[in-house]
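Quick notes on the structure that follows.
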Amino acid sequence: APSAPPVTASALARPPAKPAIFIPVNRSPEMQEERLKLPILAEEQVIMEAVAEHPIVIVCGETGSGKTTQVPQFLYEAGYSSDNSIIGVTEPRRVAAVAMSQRVAKEMNLSPRVVSYQIRYEGNVTEETRIKFMTDGVLLKEIQKDFLLLKYKVLIIDEAHERSVYTDILIGLLSRIVCLRAKRHLPLKLLIMSATLRVEDFTQNQRLFAQPPPVIKVESRQFPVTVHFNKRTPLEDYSGECFRKVCKIHRMLPAGGILVFLTGQAEVHALCRRLRRAFPLARHRLPDPCQLGCVETSLAKVPGVPGSLGRGVQWASAFPAGEQPDASIPLHVLPLYSLLAPEKQAQVFQPPPEGTRLCVVATNVAETSLTIPGIKYVVDCGKVKKRHYDRVTGVSSFRVTWVSQASADQRAGRAGRTEPGHCYRLYSSAVFEDFEKFPPPEITRRPVEDLILQMKALNIEKVINFPFPTPPSIEALIAAEELLIALGALQAPPKTERMKQLQRSRLSCPITVLGRTMATFPVAPRYAKMLALSRQHGCLPYAITIVAAMTVRELFEELDRPAASDEELAKLKGKRARVAQMKRIWAGQGASLKLGDLMVLLGAVGACEYSGCSLQFCEANGLRYKAMMEIRRLRGQLTTAVNAVCPEAGLFVDPKMQPPSESQVTYLRQIVTAGLGDHLARRVQSEDLLDEKWKNAYKTPLLDEPVFIHPSSVLFKELPDFVVYQEIVETTKMYMKGVSTVEVQWIPVLLPSYCQFDKPLEEPPPTYCPEKGRVQCHQAICVFWADPCAPD
Ligand code: ADP
Ligand code: MG
């Protein structure tokens, strides 16, 4: 493969390709000084030259080298946002999009009206916006509205090394959009930024870029990090080992923040609690060293790196090694994970209180997207929790696995940002050698029906020909296409077997009118189908609420976590009982209970909004406030999307929404059945019982194993004959979550493509009628299967 043209110093000698525009920025002197320390500042000239000369440029540099915060500023100053155009930056994580826009606005002394962000649920973009941080999903939606993305002169795809699906798709799409824009003499510049040097999937992929783009490497001023492996074979109890390691570091080693990598929220909290108990903040306030007769000036000379211990440690180090008073220095312990409330997340950027040592206990969000200042010690458990999808069955489970070598090295690198550091790996070097080199790109690990629908809506019919940086497997593509056909979003290929195979091998079913409507809703295709079906009998507001709640995961707090004390255990137990009681109330009786867990979601959101959506209400009832806020925003967004499709619906989000009537609940159940049709499960009857393991079990079309209703479900004890479920998660058993009951007679009407018929169906199959903006089969559903009720 051709190698990338080198960017050399001679490039600097040439005059810039365009007359230099310079938009002045009024930074504070302190900010300017901070910036000048960042390695990327030395590369500004090289980067801007490359951008001027090439349509696509790749920038690689260690995390913390300043890519995200500085490159948008370089582009701004060079006039890439003149003529009212925008510099767009995409991030795979919402946290990063928000935090980085705030940081850049602060550095540039500009208002959030100018440096703004847009994530799925919210944004502060205005007419004045010149730099816009957004999630990659947001940009993908914008491409649907304006394929050429004319409002941007330059786009930065950040964190490309994370290989999130949307980032991958964006890079594929933008490789084409850049060419189209060039043809129209409206050039678009594309910058791809990555924390690792592994960019061959982008540079050496000739389907992606005919000419490999130049790669600019930012030499980072990384200080050496000494890596210490554990001698012993890895431990099961890595949390306990983390605790012991942090205690040791804190007692024995000089100033410097500690960053611990664990795998999940529950673990993070447990370790935080243990550490806080061991090194409480309030106890053992140190006397002022001056009062002890120490010389103030000698203390003041100690370099005041943010996160350093300040005076306290100096005083402690006046003791002979090993004789420091135990726990004399308080530890400022902070958790960090993606579901944490934003204001708590922001705390890690603040310097710790004087005389304390910072200790951040994080999941892998701290690996590359956020750089915490002042970290000198990293404790790495070597594990990561990832959602794992079974490609055949669609069962997802969270699995804790070893990280890749690249991730382990990223984690270690966090220790050498401000001075030489140490990384303690709680596993042996032999184990490390067995790690995968790089984590596999997300697109190879998860279902892709949402992506395929988006691509079809962009008129990319032959998905198989799309220039994916790494293509998904052919099985995943076929599974996605089949689901979309079953949902009516794609046209089914002709019936003959041979034609079917041919069609599949090309994977080129065109999108239907229904599919186009579905693609405008910012939710997964199954849920989009529910929305498309809901325009009847006043069901839309309820369907929108249910879909919003299903999309925002984890509405209920995790209450199965281990308790730190008896007191806490009693509290947890009390809360569990309370939540179970509230779930029963929200689910109701009779018809409403049949909607099951989805009725619980509807009831919870309804009750919470009715009560003014207070933090107290959420806390008292085991609801996550943050999730509730997201649901509220998504409801607003979905309402807007539905109004755009059928303006005459004139929907609005009503906080005081009445509970649905009995017949509405039945329609909702049918709508849910139609959307989740491939997630149908049948109760195993007693005559089918082969052995004990099938007791109370359900059978699904794809799984040979028994599946069960999750104990947290309100239908756990009801055991209906047929159910649909939101997802199956595998823990000790295969459990269905988000369960709703189905009447057997609905199945041939609502889900004909999952049925085999002796003779052809008499009713015409469901069709979408664009004139009326609704799916025709509704009438059939209502007439045939619902409680008698006048259609609206
Ligand atoms: P990269 O994108 O190369 O990983 P960044 O641009 O994110 O690097 O970070 C550059 C520097 O800015 C880092 O030293 C980081 O600590 C600092 N920084 C980023 N966000 C904040 C913030 N909110 N508060 C203080 N410092 C920050
Ligand atoms: Mg970054």
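The values are calculated or read from the model by the stated rules, or taken from the named source; none is laboratory data. Because the structure is a prediction, the values reported are computed rather than measured. Positions of Cβ are generated from backbone atoms using ideal geometry, with glycine treated the same way; all protein chains shown enter the neighbour counts.
Please go through the range 345-366 and give me each residue that is surrounded by fewer than 22 Cβ atoms within 10 Å (Cβ to Cβ) and within 14 Å of ligand 1 (Cβ to nearest atom), ordered by number. Within the range 345-366, Gln345, Ala346, Gln347, Phe349, Gln350, Pro351, Val365 qualify. Of everything listed in (1) in contact with a helix residue (DSSP H, G or I) (Cβ under 8 Å, 6 or more places away or on another chain); (2) buried (at least 19 other Cβ atoms within 10 Å of the Cβ); (3) of a type in the set (S, T, N, Q); (4) in a loop (DSSP other than H, G, I, E, B), the single unmet condition for Ser111 is (2).
All conditions in (1) more than 10 Å from ligand 1 (Cβ to nearest atom); (2) not in a loop (DSSP other than H, G, I, E, B) hold for Thr69, with the sole exception of (1). In this structure, does Val89 turn out to be within 16 Å of ligand 2 (Cβ to nearest atom) and either aliphatic (A, V, I, L, M) or closer than 20 Å to Pro187 by Cα (or both)? For Val89, the condition - within 16 Å of ligand 2 (Cβ to nearest atom) and either aliphatic (A, V, I, L, M) or closer than 20 Å to Pro187 by Cα (or both) - is met. Within the range 415-457, the residues that satisfy the criterion of being among the acidic types (Asp, Glu) and in contact with a helix residue (DSSP H, G or I) (Cβ under 8 Å, 6 or more places away or on another chain) are Glu436, Glu442, Glu449, Asp450. Please find, within the range 338-363, the residue that is nearest to Lys626 (Cα to Cα) out of those that are at pLDDT 85 or above, in contact with a helix residue (DSSP H, G or I) (Cβ under 9 Å, 6 or more places away or on another chain) and not aliphatic (A, V, I, L, M). Going through the qualifying residues, I end up with Thr363.
Of all residues in the range 120-171, those that are over 23 Å from Gly636 (Cβ atoms), within 16 Å of ligand 2 (Cβ to nearest atom) and either assigned to a helix (DSSP H, G or I) or among the acidic types (Asp, Glu) (or both) total 6. Taking the conditions exactly as written (touching a Ser or Thr at 6+ places or on another chain (Cβ under 9 Å) and modelled with pLDDT under 85), does Glu461 satisfy them or not? Yes: the conditions hold for Glu461. Can you tell me which residue within the range 92-108, out of those that are aliphatic (A, V, I, L, M) and within 15 Å of ligand 2 (Cβ to nearest atom), is surrounded by the most Cβ atoms within 10 Å (Cβ to Cβ)? Top of the filtered list is Ala97.
Could you tell me which residue of the range 42-66 is surrounded by the fewest Cβ atoms within 10 Å (Cβ to Cβ), considering only residues that are of a type in the set (S, T, N, Q) and within 12 Å of ligand 1 (Cβ to nearest atom)? Out of the qualifying residues, it is Thr63. For the range 367-382, what are the residues that are among the β-branched types (Val, Ile, Thr), over 17 Å from Thr69 (Cα atoms) and within 16 Å of ligand 1 (Cβ to nearest atom)? Of everything in the range 367-382, those that are among the β-branched types (Val, Ile, Thr), over 17 Å from Thr69 (Cα atoms) and within 16 Å of ligand 1 (Cβ to nearest atom) turn out to be Ile375, Val378. Can you find, within the range 655-699, the residue that is nearest to the chain's Cα centre (by Cα) among those that are surrounded by 22 or more Cβ atoms within 10 Å (Cβ to Cβ) and assigned to a loop (DSSP other than H, G, I, E, B)? That would be Leu676. On inspection, Tyr427 passes the criterion of being away from ligand 1 (no atom under 16 Å from the Cβ), assigned to a loop (DSSP other than H, G, I, E, B), modelled with pLDDT of 90 or more and not aliphatic (A, V, I, L, M). Of the residues that make up the range 195-208, is at least one among the hydrophobic types (A, V, I, L, M, F, W, C), surrounded by fewer than 18 Cβ atoms within 10 Å (Cβ to Cβ), within 16 Å of ligand 2 (Cβ to nearest atom) and not in a strand (DSSP E or B)? Yes: one or more hits. All told, Arg578 falls short of being in contact (Cβ under 8 Å) with a residue 60 or more places away in the chain, part of a helix (DSSP H, G or I) and charged (D, E, K, R). Residues that are assigned to a loop (DSSP other than H, G, I, E, B) and either away from ligand 2 (no atom under 16 Å from the Cβ) or surrounded by fewer than 21 Cβ atoms within 10 Å (Cβ to Cβ) (or both) occur at least once in the range 174-184.
Among the residues of this structure, Val71 does not count as one that is within 15 Å of ligand 2 (Cβ to nearest atom), within 19 Å of the chain's Cα centre (by Cα) and at pLDDT 95 or above.
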